[in-house]
1. Go through the stretch 153-196 and report how many residues are in contact with a strand residue (DSSP E or B) (Cβ under 7 Å, 6 or more places away or on another chain), without any contact (Cβ under 8 Å) to a residue 60 or more places away in the chain and over 21 Å from Leu230 (Cβ atoms).
2. Considering only the stretch 304-321, I want to know if a residue exists there that is without any contact (Cβ under 8 Å) to a residue 40 or more places away in the chain and under 20 Å from the mean Cα position of the chain (by Cα).
3. Name the residue that is nearest to the chain's Cα centre (by Cα), counting only residues in the stretch 87-113 that are at pLDDT 95 or above and of a type in the set (D, E, K, R).
4. Is at least one residue of the stretch 81-103 free of Cβ contacts under 8 Å to residues at least 40 places away in the same chain, assigned by TED's automatic domain parsing to the domain that holds Phe22, farther than 30 Å from Arg174 by Cα and surrounded by fewer than 21 Cβ atoms within 10 Å (Cβ to Cβ)?
5. Quick one: would you say Gln83 is more than 25 Å from the chain's Cα centre (by Cα) and either modelled with pLDDT under 90 or of a type in the set (A, V, I, L, M) (or both)?
6. Scan Ala160, Ala196 and give me the residue that is outside the structural domain of Leu262 (by TED's automatic domain parsing) and at pLDDT 95 or above.
7. Exactly one condition in (1) assigned to a strand (DSSP E or B); (2) of a type in the set (Ser, Thr, Tyr); (3) modelled with pLDDT under 90 is not met by Ser2; state its number.
Amino acid sequence: MSERIQILSINSGSSSIKFALFACDTRQEEEQLVGAVERIGQSAGRIWLEQGSQRVLDRIQAFPNQAAALQAVVHALSEVGVQHPDGIGHRIVAGGPQQRQHVRIDAQVLADLRKALPFAPLHLPAEIAVIEAIQQLWPDKGQVACLDTAFHGSIPELAARLPLPRNLWQEGVRKYGFHGLSYEYIVSRLPDQGKAPTIIAHLGNGASMAAVAHGRCMDTTMGLTPTGGLVMGTRSGDLDPGILLYLMAEKGYTAVQLERLLNHLSGLLGVSASSGDMQILLQQRAENPHAEQAIDIFAYSARKYLGSLMAVLGEVQRLVFTGGIGEHAAAVRWAICRPLEALGFRLDPEKNAAPSQEARCISRAESPIEVLVIPTDEDRMIARHTHRLLGMTHLPATHSP
């Protein structure tokens, strides 16, 4: 067994930093701890840390910005005996036209990420801020950008090209796709590594689906940005472009107002007028018709995209649910699949309702399409790629759900 090195996986948001520490060698990644800094920029933030199932640190304090939050992470790690990791990997939502693969971060990569800001204005500023803060704290440590768009680099041009003037394609206006780290992990867990025609549904506050065959992504539901595709927690998903023209011409919406509408006020929140959290809506639906309607629209949207990805693949042998909703909301899985029984999505109600955290099959034995629930692990994929790109070959173990 080769020498183990410690990799810190970081998932940065505008108001939070999630992190996990892994001990890695050439065959596996062992999770040592997980934690998060929450409510960055607010008067009362929070940092917590867990080792195994035990919470070893939970503290309320203010974090004015990402740099202060990262400094708190460093102190928290030192409190549990971790002085510094050997390498750091970052989830990067989009690298724009210049960066399309997981890559070790240098000055050019960082410059390209800054150029990509228009492609992911909600995510990239915080991600870049944490990269720069780590350069100040640990200037000698290698950092890796793990791109959520990388998995979708295999999408054929027929699917990636948008029906717009050709000069826009040259400028990078195309389908990129997102949630790629999650899809990579799920494919690594499949017994055939995704060779059979498979649809993966990553359903959470952000939601998307991907069509996979021969281990490669053939199409996905998100496009240029993470706003498109399925109905989401607070994001609209796909809309008639004429709606935006109407809002601009008749209502005087600016680009800033449209961004807030589409990314923060729409989706489940917009329809329910109460919450973008699926678990809350499921609790409310018995007495709140707007909550019930939001759930129904979410499931309807998912069914439509399932059908479109079936058309992309020509056949489907497997459907995998993952993400917060996909893993934990049995009622939503049922609402998506029950109307599609004639197409081969036949769930076993008892298996579907089982409160298991493990990967499992939830379809009936005679179902033409196997339906699985597999918990995702984006942090592990970040550690895996970081370990590889910092100079050690990874031989991933396969796992059968």
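The values are calculated or read from the model by the stated rules, or taken from the named source; none is laboratory data. This one's a predicted model, so the numbers in the text were calculated from it and none came from an experiment. In this analysis, Cβ positions are derived from the backbone assuming ideal geometry, glycine residues included, and neighbour counts consider all displayed protein chains.
1. 0
2. No, the conditions are met nowhere in the stretch 304-321.
3. Arg91
4. Yes, the stretch 81-103 contains a residue that is free of Cβ contacts under 8 Å to residues at least 40 places away in the same chain, assigned by TED's automatic domain parsing to the domain that holds Phe22, farther than 30 Å from Arg174 by Cα and surrounded by fewer than 21 Cβ atoms within 10 Å (Cβ to Cβ).
5. Numbers: more than 25 Å from the chain's Cα centre (by Cα): yes; either modelled with pLDDT under 90 or of a type in the set (A, V, I, L, M) (or both): yes.
So Gln83 fits the description; yes.
6. Numbers: Ala196 fails: outside the structural domain of Leu262 (by TED's automatic domain parsing).
None of the others qualify; the one that does is Ala160.
7. Failed condition: (1).
Conditions (1) at pLDDT below 95; (2) crowded, with 18+ Cβ neighbours inside 10 Å; (3) touching a helix residue (DSSP H, G or I) at 6+ places or on another chain (Cβ under 8 Å); (4) not aliphatic (A, V, I, L, M), marked per residue:
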{"position": "Met278", "(1), (2), (3), (4)": "no, yes, yes, no"}
{"position": "Tyr305", "(1), (2), (3), (4)": "no, yes, no, yes"}
{"position": "Leu309", "(1), (2), (3), (4)": "no, yes, no, no"}
{"position": "Gly314", "(1), (2), (3), (4)": "no, no, no, yes"}
{"position": "Phe321", "(1), (2), (3), (4)": "no, yes, yes, yes"}
{"position": "Gly326", "(1), (2), (3), (4)": "no, yes, yes, yes"}
{"position": "Ala330", "(1), (2), (3), (4)": "no, yes, yes, no"}
{"position": "Glu350", "(1), (2), (3), (4)": "no, no, no, yes"}
